[in-house]
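What follows is a single structure, written as C-alpha cells, with notes after it.
The values are calculated or read from the model by the stated rules, or taken from the named source; none is laboratory data. All of these numbers come straight from a predicted model, not from anything done at the bench. Heads up, the Cβs are rebuilt from the backbone with ideal geometry, glycines too, and the neighbour counts pull from every protein chain shown.
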Amino acid sequence: MADTAAQPIYLEDRIRKIEESGRLKHRSKALPTWCPGCGYYAMTEGVTLAVERLNIAPKDTVIVSGIGCASRFPFFMNAYGFHTLHGRTLPVATGVKIANDRLTVLVVGGDGDGFAIGGGHIPHAARRNIDITYLLFDNGIYGLTKGQTSPTSVVGFETKTTPYENRDVPLNPLMMLLSYGASWVGQAYAGHPHFLADMITDAIAHKGFSYLHIMSPCVTFDKTTNTYQNLGMKVRPMPDDHDPSDRMAAMALASEIDRPAEGLLYREDRPTLSDNLDAIIREAGGTPPPHRQPAAAE
Ligand code: SF4
Ligand code: MG
C-alpha cells in the first residue's frame, strides 16, 4: 500500500528552492518579521524590483535605516546595510555617498524616525541635493513601540498616548519637502504595490535628492484611521494636467490631504552635492575623483 502520510515541509528546503530559482538575487536569507499585511512588504518587493530593473548590483547598493519597524529592512536585502541610530539616517547616508558616490544609497524609515527625532536632518539633505533616495513609510503611528501618536497622526486619533484623542495638528511631509528644496518629490501607496515599484524606480533613477512619501497602513496598531480600506477610498491618481516642474502646483496638491494624489509631484534638475564639491575642488586647484572627470566618464 502506498505511503499517503503527509511529508514534513522544511523551511530550509523552501528557501533553497527559491534561491535556486534566481528570483531573490537582491533578497537575503532572512525572512521579514513584520506583521502579516504590513505595508512594508510592498517596500521589500518594490525595492527588489527597482534595483533589478535599474540593473544595480547588490555590491553597489547601500540601504541605511534608523529605528522603527521599517528599520529592519536592510536585514532582509542582499545589499550593504547600515542600521543606524534613531533619526540619524540622513547624516549617515550623506557620509556614505560622499565617500563613494558610485554607490546607490537608499534611506528607509517611518514617520516617527524621520519627522520627530530625525526632523532636523531632512531640510539639509534636501537643500544640498545629495544624490540619495529617501523612502519614507508614513503610517501615522509608532508601530515598533506598540501604537503611540506620531508627528503625522491625524487630529482625533485615539492611541495609547492619546486616550482622549490626539489634538495636535499633523505635519504635512510633502509640503515640508517641497519647501526644503527637494529636487524630486513623489507619493505612493503600499496598497498599490506595482505603482509603488514604479515610483521607487523613478526615485532611484533621479540624479539628486529624491523623497518618496509612501502611505503605509500599520495593520496591528491602527484599526480605525490609516487602514487599507480608508486609504483605498481616499487615494487618487495624479491629475493629468499636473505639471511636475511647477513647485507651487505641487504644493497645492500636497495641501489636499483628504484626497492624496499618487505620483510625481515635483522634479527639477540641478547640481548635486557631489557636483558642487567637485566645483569647489577645481576652483581650489585640485582634481575631482577620476570617475567624476569628463574624460574618464564610464
Ligand atoms: Fe507593520 Fe505596524 Fe506590525 Fe510594525 S507594528 S510591522 S508597522 S503592522
Ligand atoms: Mg510610523
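Cβ-Cβ under 9 Å, sequence separation 6+ or interchain: first residue in region 62-88 and closer than 14 Å to G110 by Cα and basic (K, R), partner more than 16 Å from ligand 2 (Cβ to nearest atom) and not in a loop (DSSP other than H, G, I, E, B). Which pairs?
Pairs that qualify, where the first residue is closer than 14 Å to G110 by Cα and basic (K, R) and the partner is more than 16 Å from ligand 2 (Cβ to nearest atom) and not in a loop (DSSP other than H, G, I, E, B), are R72/H83.
Report yes if some residue within region 23-40 is within 16 Å of ligand 2 (Cβ to nearest atom), closer than 20 Å to T133 by Cβ and in a loop (DSSP other than H, G, I, E, B); otherwise report no.
Taking every residue of region 23-40 in turn, at least one turns out to be within 16 Å of ligand 2 (Cβ to nearest atom), closer than 20 Å to T133 by Cβ and in a loop (DSSP other than H, G, I, E, B).
Within region 107-124, is there a residue that is within 16 Å of ligand 1 (Cβ to nearest atom) and free of Cβ contacts under 8 Å to residues at least 24 places away in the same chain?
No.
What is the residue count in region 114-135 for residues that are within 16 Å of ligand 2 (Cβ to nearest atom), touching a helix residue (DSSP H, G or I) at 6+ places or on another chain (Cβ under 7 Å) and either of a type in the set (A, V, I, L, M) or part of a helix (DSSP H, G or I) (or both)?
Here the count works out to 4.
Any idea which of G143, G181, G208, G147 is touching a residue at least 40 places away in the same chain (Cβ under 8 Å), more than 16 Å from ligand 2 (Cβ to nearest atom) and over 16 Å from the mean Cα position of the chain (by Cα)?
G181
Sort out which residues of region 50-77 are of a type in the set (G, A, S) and within 16 Å of ligand 2 (Cβ to nearest atom), and write them in order of number.
Selection gives S65, G66, G68, A70, S71.
Output the residues belonging to region 89-106 that are more than 21 Å from F75 (Cα to Cα), free of Cβ contacts under 8 Å to residues at least 60 places away in the same chain and part of a helix (DSSP H, G or I).
The one that is more than 21 Å from F75 (Cα to Cα), free of Cβ contacts under 8 Å to residues at least 60 places away in the same chain and part of a helix (DSSP H, G or I): A99.
Only one of these is of a type outside the set (D, E), within 16 Å of A116 (Cα to Cα) and modelled with pLDDT of 95 or more: I200, I214, I204, I141. Name it.
I141
I'd like the full set of residues that are under 20 Å from the mean Cα position of the chain (by Cα) and either of a type in the set (A, V, I, L, M) or more than 22 Å from L144 (Cβ to Cβ) (or both), limited to region 215-231.
Result: M215, V219, L231.
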